[in-house]
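Okay, so here's the structure we're looking at.
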Amino acid sequence: MTAQDYLTIGKNLTICKATMLGFGGMRMPDAAVTAKMVDAYLNSGYNFFDTAWIYGGSEEMFKEVLVKRHPRDKFLMANKLPPWEITNAPEDCEKLFKEQLRRTGLDYFDFYLVHSIDDGREQDVEDKGLFQWVAEQKKKGFVRHMGFSFHGSAECLDRVLDRHPEAEFVYLQLNYKDILYGPVGGWHEVALKYGIPIFAMEPVKGGSLAALPAPAEKLLKEHDPSRSVASWAIQYAATLEGVTCVLSGMSGMEQLQDNLKTFKELKPLAPHEIDLLKDVLDEMAKVSNISCTACKYCHAACPAGINIAECFSLYNDVKRGAAGWNRTMMYRALPQGKRAADCTGCDACLSHCPQKVDIPRELKVVAQTLR
């Protein structure tokens with residue numbers, strides 16, 4: 001069976017087990033560990049890999065641990081066109097795309113996306129003709145399937161899908177916190193209305209649904225001590241209607257093995273288990289966490305070079321019950337000028353956050369907590 005055997009070319013993608021669990025490139029460990037993870041993942045019958053221009057070093061990493069080590073017909077690769085990097089289209093698109101092919105060592109991408117559309121970026125994408133440009137690459141054979149990733153309002157998603165029937169799939173951030181207690185349910189409903197295959201991003205919400213406050217974790221462990229906390233989130237996302245792939249940014253072999261275990265006997269959560277997750281969310285609501293998924297899109301935009309994701313992670317650890325003195329020491333270990341307290345409030349980061357976090361405001365909170 002080749003990579004193309006897993007798909008029906010055209011609007012209606014036929015996705016089987018091989019693509020149900022996606023290997024995300026955002027949070028990979030070092031090359032030696034990642035190579036072992038890639039081998040174990042492929043040997044378990046899965047084949048879908050996801051990278052992006054902004055996932056620092058991810059494209060090059062996949063070239064070394066995947067492309068150079070495995071036949072091209074044994075895997076599928078997704079990559080993305082970042083609108084914020086395009087000033088002069090189509091010239092900038094051509095240059096960036098060629099560089100992505102060079103970085104990955106590939107001749108084509110199986111899946112190619114317009115990256116991170118939201119309400120503020122919607123018109124920019126249209127003005128630059130990015131969907132049309134990707135469609136042209138598909139005609140030329142450099143792209144097999146085209147789609148987009150999305151972080152805006154349900155109304156915006158509806159407009160994009162209505163305007164671009166050529167899109168064959170959509171990446172949506174789907175997890176039980178954002179659906180049960182957030183706005184994401186609207187995205188899901190819109191995608192189902194259009195019948196477009198959904199690739200679920202951030203099923204564990206950047207790890208925040210794998211590291212719960214102690215009372216919330218206790219609820220899950222009392223119900224089933226044999227399961228990891230993260231597996232609940234993966235199972236929820238993977239069994240949502242319309243979801244054909246769940247992307248997991250795995251940072252170690254233990255996470256991969258846990259995901260493989262979850263997918264081995266995958267079935268929808270029972271009604272009483274959904275109620276249990278609602279109880280978990282009630283416990284989480286008592287703790288004021290920052291909704292950062294550590295995607296680090298904001299890092300490149302920060303003129304001061306503040307380690308925003310690390311600052312937020314340390315703060316959230318404290319709120320989840322980790323030793324405050326230890327996290328304060330780790331915060332102080334960050335280089336001078338790179339801490340939360342060094343934010344000048346220039347707001348350059350704001351438009352880059354898919355989670356719509358008010359980063360300057362939250363950095364002030366972090367600075368007051370971890371000083």
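A short reminder: the numbers here are calculations on the coordinates, not readings from a lab. As the structure is a prediction and not an experimental result, all values here were calculated from the model. Cβ: placed from backbone, ideal geometry, glycine included. Neighbour counts: every protein chain shown.
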Relative contact order for the chain using alpha-carbon pairs under 8 Å, separation at least 6, rounded to a whole percent?
14
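Show that you can apply the helix-only estimate: for the chain, add -39,500 (n - 2.57) for every DSSP H stretch of four or more residues, divide by all residues, and state [θ] at 222 nm to the nearest 500.
Value at 222 nm, helices only, nearest 500: -12500 deg cm²/dmol.
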Counting as exposed only GluC sites (Glu not before Pro) in DSSP loop states with no more than 15 other Cβ atoms inside 10 Å, the longest exposed-site-free span of the chain is 1-165
Within the stretch 215-261: Cβ-based charge dipole about Cα centre, in debye rounded to nearest 20 (Lys, Arg +1; Asp, Glu -1)
40
Using Cβ counts within 10 Å as a stand-in for footprinting exposure, how do Thr51, Thr344, Thr293 rank, fewest first?
Thr344, Thr293, Thr51
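Report the local net charge at Val357: Lys and Arg +1, Asp and Glu -1, summed over other residues whose C-beta lies under 14 Å from its C-beta.
Details: positive: Lys205, Lys296, Lys356, Arg361, Lys364; negative: Asp118, Asp178, Glu202, Asp347, Asp358, Glu362.
Every neighbour counted, the sum reads -1.
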Hey, if you put +1 on the Cβ of every Lys and Arg and -1 on every Asp and Glu Cβ in the chain, which of Phe97, Met146, Val114 ends up farthest toward the positive end of that dipole?
Phe97
Charges on Cβ only, +1 for Lys and Arg, -1 for Asp and Glu, centred on the Cα centroid of the stretch 167-319; of Ile308, Pro225, Leu180, which one is farthest towards the dipole's positive end?
Ile308
Which distance in nm do the two modelled labels at Val33 and Ala214 give, with both placed 7 Å along the Cα-to-Cβ direction?
2.7
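I want the local charge near Leu157. Using Cβ-Cβ distances under 12 Å, sum +1 for each Lys or Arg and -1 for each Asp or Glu among the other residues.
Working: positive: Arg159, Arg163, Lys193; negative: Asp118, Asp119, Glu122, Glu155, Asp158, Asp162, Glu189.
Its environment carries a net charge of -4.
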Residue by residue through the stretch 173-179, what is 3J(HN,Hα) from phi via Karplus (6.51 cos²θ - 1.76 cosθ + 1.60, θ = phi - 60°)? Round to whole Hz and write x for glycine and proline.
7, 10, 8, 5, 5, 6, 8
hull vol. (C-alpha, convex hull) per residue for the chain, Å³ -> 137
